[in-house]
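What follows is calculated from the coordinates using simple rules that are stated; it is not laboratory data. Keep in mind that this is a model prediction, so the values were computed, not measured.
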Amino acid sequence: MSSAHGNQKVSDTEIIAAIRAADGPVASASDIATQFSMTRTGVNERLQDLCRQGRVNRKDVGNGYVWWVCD
């Protein structure tokens, strides 16, 4: 767990696995927050950290982002 944000009981690896397991090619922060009983804000902070590390990428859609794993 490299992040100082969000629920530290959930590892970065678990967040990435949740994105990979999403019903479509992308996942929203809300999708992930629901799986781990985290706040959407906490998930967004963790995802932004993962994005800065080059582990996930994002696209702005409407009022939020969708996220996918960088391969």
- The extension gain from Gln53 to Asp23, computed as 0.36 nm times the residue separation minus the Cα-Cα distance, is 8.4 nm
- How big is the convex hull of the Cα atoms of the chain, per residue, in Å³? 81 Å³
